[in-house]
Amino acid sequence: MVSTNNQSTTVFFILLGFSDYPELEMPLFLLFFTIYAVAVVGNVSMIVIIRINPKLHTPMYFFLKHLSFVDFCYSTTATPLLLENLIAEDKSISVKGCITQFSFGVTCVMAEMVMLAVMAYDRFVAICKPLLYTVSMSPKRCALLVTVAYAWGIISSIILTYSLLVLSFCETKIIDNFVCEYSVFLSASCSDKHFSEIMLFIFLNLSTLCTLIIILTSYLFIFITILKMHSTSGRSKAFSTCASHLTAVTIFYGIIFFLYCIPNTKNSWLVKKVGSVFYIVVIPMLNPLIYSLRNKDVKETFRKFKSLKIISQ
């Protein structure tokens, strides 16, 4: 057996992607490229809009700006490899390149999990403790929470990447996948995978469980508080402030559990691929659309920004 470090330039993974359906590769490339372009433009636009509109300089939009940044980084890390895999005849990637792509992807996914939990906590404080909101969600507190999200993403990435670097890869492997997921390395390794599997189990489940507990607990108290409100307009306003975030959380964790619950059978590979594509390509596009379409301030700023560009031309 040979270590990853010694063989990263000679051992390759061949990512099959959608090679079983060659007639669909070009249409899929055009579709995914369009979605990727919308995701990039949507997330960058969201960041710019939040920065230029003083009305949006609040904790909720501060977190949303960083969520958009994470989505932009994740789609830019994962989607180009998928697009290249669809049109390139040579579908091979070096072990070193695959690990690098995986490392950046893990950082973004883990950071997004924590960011969604932080945003749920922000809504909890805003609705359940409105008089303490300014103090509880001070600029320093918001910066600290965002730092925790990025730090957890980086720590998880370092440890999970290390758990891959201790694996050995003896020969070029054909992988029925289109991106460098953890399963790619485990299936290709010719050494003991016990340590790597334990690390994946711990960090993935710890991140999912802890963030879900924070989100579910926050929304439990939010719904209790909303039900106690006597004003119909107050209830409607409270629900509207949570609707976008709750939609994003439902889609994000819904796809995770969907992929978890699919049994590992020969017939499930296509379903898993479609689910993975949705997770990698579509979710980064949906988040800015979800938040912008339901928010008057964001739409108003976008219209002003668009009109200014037209006038300047």
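The values are calculated or read from the model by the stated rules, or taken from the named source; none is laboratory data. Being a predicted model, the structure only gives us computed values, none of them experimental. All Cβ positions, even for glycine, are placed from backbone atoms using ideal geometry, and neighbour counts span all protein chains on display. For the accessible areas, the whole protein counts, side chains as well, though only heavy atoms, and no ligand, DNA or RNA atoms are used. Shrake-Rupley method; radii C 1.70, N 1.55, O 1.52, S 1.80 Å.
If we scan region 186-193, do we find a residue that is under 17 Å from the mean Cα position of the chain (by Cα) and under 30 Å from ASN85 (Cα atoms)? Even if it seems obvious, please write down each step before you answer.
Our first condition is that a residue be under 17 Å from the mean Cα position of the chain (by Cα); within region 186-193, this holds for none.
Checked region 186-193: no residue is under 17 Å from the mean Cα position of the chain (by Cα) and under 30 Å from ASN85 (Cα atoms).
When each of ALA149, ALA117 is tested for being touching a His at 6+ places or on another chain (Cβ under 8 Å), in contact (Cβ under 8 Å) with a residue 12 or more places away in the chain and not polar (S, T, N, Q), the lone residue that passes is ALA149. All conditions in (1) among the polar types (S, T, N, Q); (2) crowded, with 18+ Cβ neighbours inside 10 Å; (3) not in a helix (DSSP H, G or I) hold for SER191, with the sole exception of (2). Here ILE155 clears all of (1) hydrophobic (A, V, I, L, M, F, W, C); (2) within 20 Å of GLY97 (Cβ to Cβ); (3) open to solvent by 40 Å² or more (accessible area, probe 1.4 Å) except the condition numbered (2). Scanning region 86-99 for residues that are surrounded by fewer than 20 Cβ atoms within 10 Å (Cβ to Cβ) and not in a helix (DSSP H, G or I) gives ALA88, GLU89, ASP90, LYS91, SER92, SER94.
Report yes if SER191 is touching a residue at least 40 places away in the same chain (Cβ under 8 Å) and over 30 Å from ASP122 (Cα atoms), otherwise no. Yes: the conditions hold for SER191. In a residue-by-residue description of region 259-280, the property of being part of a helix (DSSP H, G or I), modelled with pLDDT of 80 or more, touching a Phe, Trp or Tyr at 6+ places or on another chain (Cβ under 7 Å) and of a type in the set (A, V, I, L, M, F, W, C) applies to no position.
One residue alone among LEU83, LEU131 is part of a helix (DSSP H, G or I), surrounded by fewer than 21 Cβ atoms within 10 Å (Cβ to Cβ) and in contact (Cβ under 8 Å) with a residue 12 or more places away in the chain, and that residue is LEU83.
Within region 215-239, the residues that satisfy the criterion of being of a type in the set (Gly, Ala, Ser) and in a helix (DSSP H, G or I) are SER218, SER233, GLY234, SER236, ALA238. The residues listed here are LYS55, LYS91, LYS96; of these, the one that is closer than 20 Å to ASP176 by Cβ and not aliphatic (A, V, I, L, M) is LYS91.
The set of residues in region 144-175 being over 30 Å from LEU16 (Cβ atoms), within 20 Å of the chain's Cα centre (by Cα) and among the hydrophobic types (A, V, I, L, M, F, W, C) consists of LEU145, VAL146, VAL148, ALA149, ALA151, TRP152, ILE154, ILE155. Scanning region 194-223 for residues that are over 22 Å from PHE124 (Cβ atoms) and exposed (fewer than 15 other Cβ atoms within 10 Å of the Cβ) yields a total of 7. Only residues that are in a helix (DSSP H, G or I), of a type in the set (Gly, Ala, Ser) and open to solvent by 30 Å² or more (accessible area, probe 1.4 Å) were counted in region 16-42, giving 1. Applying the condition of being under 27 Å from ASP176 (Cα atoms) and hydroxyl-bearing (Ser, Thr, Tyr) to region 58-80 and asking which residue is most open to solvent (accessible area, probe 1.4 Å) yields THR76. Residues considered: VAL184, VAL179. Of these, the only one that is within 27 Å of SER75 (Cα to Cα), open to solvent by less than 40 Å² (accessible area, probe 1.4 Å), at pLDDT below 90 and not in a helix (DSSP H, G or I) is VAL179. Out of curiosity, is ILE50 over 30 Å from PHE169 (Cα atoms) and either open to solvent by 60 Å² or more (accessible area, probe 1.4 Å) or assigned to a helix (DSSP H, G or I) (or both)? In short, yes.
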